[in-house]
Each structure stands twice: as structure tokens, then as C-alpha cells.
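First up is the structure itself, then whatever we jot down about it.
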Amino acid sequence: MLESILSTVGHYWHLVLPVFAIAYLASNYFNKGLHRYPGPALARVSDVWRFVDVWNRRPDITHVKLHRRHGDIVRLGPNTLSFSDPAAIKTIYGLNKGFVKSGFYPPQQAVSQGKRLPSLFSTTDESYHANLRRSVNSAFSMSALVQYEPLVNEVIELFLERTREVYAASGKVCDFALWLQYFAFDVIGQITYSKQHGFVDKNEDVDGMIAYLGRLFSYVAPIGQMPFLDLLVLKNPIVLTLDKLGFKPFAFPITNFAKARMSERMSEISHDKGEKVPSGAATPGRGDLLSMFLKAQAQRPDFMTDQRVLTMAVSMAFAGSETTAISLAAVFYFLVKHPSCYKKLQDELDGALREGRVGKAENALITWTESQTLPYLDAVIKESFRLHPAAGLPLERITPSGGITIGKGHIPGGTIVGCSAWVIHRHEPTFCPSQAPEKYPIDDFIPERWLDASTEQRKEMEATMFQFGAGSRTCIGKNISLLEVYKLVPNFLTRFNVELDDPSKEWKLHNAWFVKQLNFNVKFSERQQVARERSDSGKFVT
Ligand code: HEM
């Protein structure tokens, strides 16, 4: 019987294959009744469509266009829907709604000794996530910012000095996006271990960390659209076995840096105590993230193993460097492309300096608290976050097994759903102040939309901003990144003029999960009008 079936199939394979292919594509098309949602024809039958779209590096543009054409819900794959109405955020990312991160995230997991290392960012196990997040949450609270500010100051001071020496003094052209990546990496090193990686000082990509991360993101973005491919490529049994045996063909250089810092810290602790330190020992109070993670280990030694402390430290660089650099580059880019906004901000900063409202600290840097008193700075930063959020793909979640209503549709269980900040931030009813929406085109950089909006609308705009995600998996480093952005931008602009090297050239965007800027070449000159002197009182005067 079996033999005769096989022989018939073998004989008519040229007919059987197309029949199977059509049946497979049709079952994808009608998958769970999702055919009622619009989307590109190929996306309805295969994930290859979204793989290719992400591979082409501008899925953000595709997603915005698709939602403008089709409305609130767009089908991006046989089992994947994208939502554009901000109301969907509350359901998809709301606490205790039963959604979990999709298969997009595990390819981002590092491997050690042949085993995956799920991080706070990449784990899809919500109870493990809740446990880990609870253990480290206090390290990222608003009140902990106070202890990180001096650490950030050290890097800002070096960054300003090196900008002066390397670029402003010579008139050399600077790849500003890369220079800001050096800054963001050093801040993460400083905040995590009280030790910079040395990017700004050496003006180079130390140990190729940035290049490595760039390659990794370029890999995980498309692979995450068809995650089973990861099991054939980086997490195939050969690579995992090699890793277990100590050959590390794809070792993350940041992990080596983190391991070195951890063992230094352990030996310092043991030296301080005059004894050998078991894991989970308390750490000297230097107020960096590593000391906070070690404190969490001391409180919960069974859960916070050395491996988890290490994973937390590594994921700081993974999640917190490129994202912050991209956000900073966006602010500076939009300013140089919009001279009137640039001038308005400079006037605000100069006025505040002149009146002694900011820059009062001994080191003359504008502090975090002072930066919060500058409304135009705030509007410029918010508008930059709106137009250029760092994450450039939908933040995918899987619906709970019984299905759930999102907006107007009942979505079956096990469906991948998500919102992209690039789409959400272009929701006109939310972001165009209602008294004169035509004055604030949604695709244009207009910081005034934040200042002219009514109190109520502004509140809604702020609540809708999605650049840090939402809900239980929202960015844990949000406060740290805001500290960096709100401090670096004003301190940089009060010291340097920034101009495009060639104003006729646009930057190029490369969306590999995070939307990185290329060809953002600028020149700096030192500003005379804010060169400050010390008065007798020890304060700075303009
Ligand atoms: C402007 C800078 C930043 C942006 C735009 C940003 C964006 C995001 C987004 C969108 C998520 C949610 C991802 C998702 O739901 O799939 C996230 C999560 C995360 N971010 Fe950030 N981030 C920034 C800075 C930082 C910094 C400085 C750190 C660390 C110091 C950090 C650490 C993390 C971690 C650990 C998570 C995972 C949180 C969890 O799942 O509990 N981020 N970030």
C-alpha cells in the first residue's frame, strides 16, 4: 500500500509538489481567519515577505506606508499583525494581559558553554523575567539617577575635551553618529563598572565592540522574522558544541570586558574583606550598576547567580549603547537640518546660562535638574524621539491562548501582534495639536507641537510616546538614557557650533532592529559667546 502511494507520488511529483505548495500557502493565507486583515499579498502567505522587507533595512518606511494605505491593522505575515492605533498599546503591552514576547527575541540571546543566556531583554519566560526585574529594579529608579550623574559627568567632560582637541581645533570632519556611539558606550562602561571602555579617549572602536554589535543587530533583525533560521545558523548544534568545547567563533567582545571587570571587582571585595569572597558577597559602595547587581545577588544568592549578574552587565551595553547614541544623533541631526529650531534652542540655553539659571555647578556642566527647567530643550528632545525612535520594528508579542480583543478585532490566541514606534508616533489625532492640525504636519520636525498643545493633549502625546516600549517589558534603562540625552545635548551646544559638512547630503538610515544613522558628517567650532570665566565668587559668568 505504502509502496504504491510512494511510487504514484514519485511518478507524479511535478503535480504533487505544486499541490502541496498551494495547500501550504492556502493554509497560511486562511490561518486562524487572519485573511480578513489587509496586507501585502505575499505577506499573507509567507514570512519570507517580512524577512526580505527587514533585510532591505527600511521596514519602518514599509510599515508606515502600509498603515496609511490599509488602516489600523495590517497583516505582516501569515501569523503576524501590526497595529497603529495607540489604543492597542494598553491591551498588547498592558500588565497581566497574558501576552509574551515572540520568537523574534531568542535569536538575540548570547550563548555561553553551549547554552543560551536569556537576558532581561531577550527572555520569553515571563515569570523568570518578573523575578529578574524585581531583583534589579531599584538600580534603575529615578532616585538612583543621583548616584549615576557624577559618573555620566566624567564621560561628558572627556567627550567635550576630546571633541575640542580632535575635531573643533583641527576643523576635521566628524562622523557624528559614530562619535556619539563612542560616547554612549563609554557612559555604559562608566555607569556599569565605573570604568570606561576607552572609545572616546582613543577615538576608536575598542576591540571592535561596535562593529560586532552592528553585525549582530544586522543578523537578528531579519532572522527574527523567521526565528527557526537561527537554529540553523548561529544556534545550530555544531556552533553550540564548539562553544561548549571552548571554541568561540562568535564570542561577544563585550562579554570579555564584563568578565574582566567582574573578576576585578570580586578581588577588590575579597581584598577589602581580607578573605576569599563567595559569590553573592556585598560590594564596596561605588554606586555603579555592577555594585547594585552584586547587592541584588547578596539579597537573593540562589536566584542572582554569577552568570545572571554577568548577563545583566552585558545586556547594559547591548540594550543601552546603540539606542542612546541613535537618539542623541537624531536630536543633533534635526537641529542642524532646522536652523530656526537650532537658533531658538541656543537662545534658550544662552539665556539660561547668562541669567545663572543653569551651569551653576562647580564643573560648569548643566545638571540633570537644571536641564528639566528648559522647555524648548524638552520639546526638541521629545520631537526627535517622536520622529526617530531607536527601535525600528514592531515590539512583537504573542496573544494569550484564548484570544483577545484588540481595538475592533478579536485576535485568536497564538497570533504575533505588535506596535512599531515609527507608526504609533505618526498617529495624527494624537500628535497634531487639534486647534490647527495643518500647522503641524505629522512627518515634519516641529518642536512647537509640544509647546502649543493644550495641557490635556500634551499629556496624551506624552502617554502615547512608545520609544521605550510599554508595560512590564518597558525599557528599564529609560531614566539613565534620559539623563544622558538631557545632559549631553545642552552641554554640547553651549560649547560647540555644529554644522553639516555637506548640507546637500542626507543621512542614510539602516534599520537593523535599531535605526542607525550613516553619513551624518559634521564640523564643529568652539563657541565664543559662551566661553566662561570664573568670577571671584567661584561661579561661572558668561
Ligand atoms: C534612548 C535610549 C533607549 C531606548 C530608545 C531604549 C528602548 C528600549 C525599548 C523599546 C525596549 C523594549 C523592548 C521590547 O519591548 O521589545 C527596551 C528595553 C530594555 N532596555 Fe532600553 N532603551 C534605551 C536605553 C537603555 C539603556 C541606557 C539601558 C541600560 C542601561 C537599557 C536597557 C534595557 C533593558 C535591560 C531592556 C529590557 C527590559 C525588560 O524586558 O524588562 N535601555 N529599551
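The values are calculated or read from the model by the stated rules, or taken from the named source; none is laboratory data. Worth saying up front: this structure is predicted, and the values here are computed from it rather than measured. Ideal geometry is used to build each Cβ from the backbone, glycine not excepted, and the neighbour counts take in all protein chains shown. These accessible areas exclude ligands, DNA and RNA; they are computed on the full protein's heavy atoms, side chains included. Shrake-Rupley method; radii C 1.70, N 1.55, O 1.52, S 1.80 Å.
Just the number, please: carbon plus sulfur as a percent of the accessible area of the stretch 1-95, 1.4 Å probe, no ligands or DNA/RNA counted. Could the numbers behind the result be given before it?
On the way: 3820 of 5490 Å².
The nonpolar share, carbon plus sulfur, comes to 70 percent.
Could you derive backbone 3J(HN,Hα) for the stretch 485-497 from the dihedral phi with the Karplus parameters 6.51, -1.76 and 1.60 (θ = phi - 60°), listing whole Hz in sequence and x where the residue is Gly or Pro?
Once rounded to whole Hz, the list reads 5, 5, 9, 5, 4, x, 5, 6, 6, 7, 10, 10, 8.
Can you work out the Karplus-derived ³J(HN,Hα) for every residue in the stretch 29-42? Use 6.51 cos²θ - 1.76 cosθ + 1.60 with θ = phi - 60°, whole Hz, and x for glycine or proline.
Working through the residues one at a time gives 4, 8, 2, 6, x, 6, 5, 6, 9, x, x, x, 3, 5 Hz.
If the reach is capped at under 17 angstrom between alpha carbons, list the lysines near K172, excluding any in the same chain fewer than eight residues apart.
The qualifying lysines are K202, K523.
What's the angle, to the nearest 10 degrees (0 to 90), between helix 455-464's Cα axis and the longest principal axis of the chain?
Approximately 50 degrees, to the nearest ten.
Is there a quick way to get the dipole size of the chain? I mean about its Cα centre, with the Cβ of Lys and Arg at +1 and of Asp and Glu at -1; what is the value in debye to the nearest 20?
Numbers: 62 positive and 55 negative charges, 239 e Å.
That gives the chain a dipole magnitude of about 1140 debye.
Looking at V187, Y219, V515, which one has the Cα that reaches farthest to the positive end of the dipole of the chain (charges on Cβ: Lys, Arg +1; Asp, Glu -1)?
Working it through, the farthest residue towards the positive pole turns out to be Y219.
What's the local net charge at S112, with K and R +1, D and E -1, over the other residues with C-beta under 12 Å away? Kindly include the intermediate steps, with their values, before the conclusion.
Numbers: positive: K115, R116, K244, K248, K259, R308; negative: D243, D306.
Result for the local shell: +4.
Tell me the label-point distance for the pair D175, A361, using the 7 Å Cα-to-Cβ offset, in nm and rounded to one decimal.
Spacing of the two 7 Å Cα→Cβ label points: 3.1 nm.
Given 20 °C and 1.002 mPa s, how large is the Stokes-Einstein diffusion coefficient of the chain in µm²/s, with Rh as the Kirkwood radius over Cα pairs? Provide the component values of the computation, followed by the final result.
Details: Rh = 25.3 Å.
Calculated translational D: 85 µm²/s.
Starting from 0.36 nm per residue, how many nanometres of slack lie between N96 and L42 once their C-alpha separation is accounted for? List each step's numbers first, then the result.
Values: separation 54, 0.36 × 54 = 19.44 nm, distance 3.40 nm.
Length gained, N96 through L42: 16.0 nm.
Using only the alpha-carbon atoms, how far is helix 339-354 inclined from the longest principal axis of the chain? Give it as 0 to 90 degrees, nearest 10.
40 degrees
Kindly report the accessible area of the chain per residue (heavy atoms of protein chains, probe 1.4 Å, no ligands, DNA or RNA), in Å².
Working: 23660 Å² over 542 residues.
Ligands and nucleic acids excluded, the figure is 44 Å² per residue.
What do you get for the angle between helix 322-337 and the principal long axis of the chain? Use alpha-carbon atoms, 0 to 90 degrees, nearest ten.
70 degrees
Going by average Cβ neighbours within 10 Å, how do the peptides 71-77, 57-63, 19-25 rank, with the highest at the top?
Per-residue mean Cβ counts within 10 Å order the peptides as 71-77, 57-63, 19-25.
Counting only residues 5 or more places away or on other chains, whose amide H sits under 5 Å from the amide H of F514 once H atoms are built in the peptide plane?
Here the answer is G392, since their amide H atoms fall under 5 Å of that of F514.
Provide the per-residue ³J(HN,Hα) series for the stretch 62-67, in order, calculated from phi with Karplus coefficients 6.51, -1.76, 1.60 and θ = phi - 60°, each as a whole number of Hz, with x at glycine and proline positions.
Residue by residue, the stretch 62-67 yields 4, 5, 4, 4, 4, 5 Hz.
Would you pull out the residues with amide H under 5 Å of I411's amide H, same chain only if 5 or more places away, H placed 1.01 Å from N?
I404, T405, I406
Around A139, under 12 Å between beta carbons, what's the net of Lys plus Arg minus Asp minus Glu among the other residues? The partial results should precede the final answer.
Numbers: positive: R133, R134, K295; negative: D288.
Here the count lands on +2.
Give the carbon-plus-sulfur fraction of the accessible surface of the stretch 385-429 in %, rounded to a whole number; probe 1.4 Å, heavy atoms of protein chains only.
Numbers: 770 of 1310 Å².
Here it works out to 59 percent.
Would you mind calculating the gained length between M1 and D347 on full extension (0.36 nm times residue separation, minus the Cα-Cα distance), in nm to one decimal?
Details: separation 346, 0.36 × 346 = 124.56 nm, distance 8.65 nm.
Going from the current span to full extension adds 115.9 nm.
With a 1.4 Å probe and all protein chains kept in place, how much accessible area does W13 have, in Å² rounded to the nearest 10?
Number for this one is 150 Å².
I'd like to know which of I89, A298, I480 lies farthest towards the positive end of the charge dipole of the chain, counting +1 on Cβ of Lys and Arg and -1 on Cβ of Asp and Glu.
I89
How many nm is it between the label spots at E462 and S127, if each spot is 7 Å from the Cα in line with the beta carbon?
In this crude spin-label approximation the distance works out to 3.8 nm.
For L15 and T305, compute 0.36 nm times the residue count separating them, minus their Cα-Cα distance, and round to one decimal in nm. Working shown, then result.
Numbers: separation 290, 0.36 × 290 = 104.40 nm, distance 5.71 nm.
Roughly 98.7 nm would be gained on extension.
Counting only residues 5 or more places away or on other chains, whose amide H sits under 5 Å from the amide H of N519 once H atoms are built in the peptide plane?
K508
Which whole-number percent gives the relative contact order of the chain, counting Cα pairs below 8 Å spaced six or more residues apart?
21 percent.
Just the C-alpha atoms of the stretch 22-122: what Rg/Rh do they give, with Rh taken as the Kirkwood radius?
On the way: Rg = 15.8 Å, Rh = 15.5 Å.
We get a ratio of 1.02 for the stretch 22-122.
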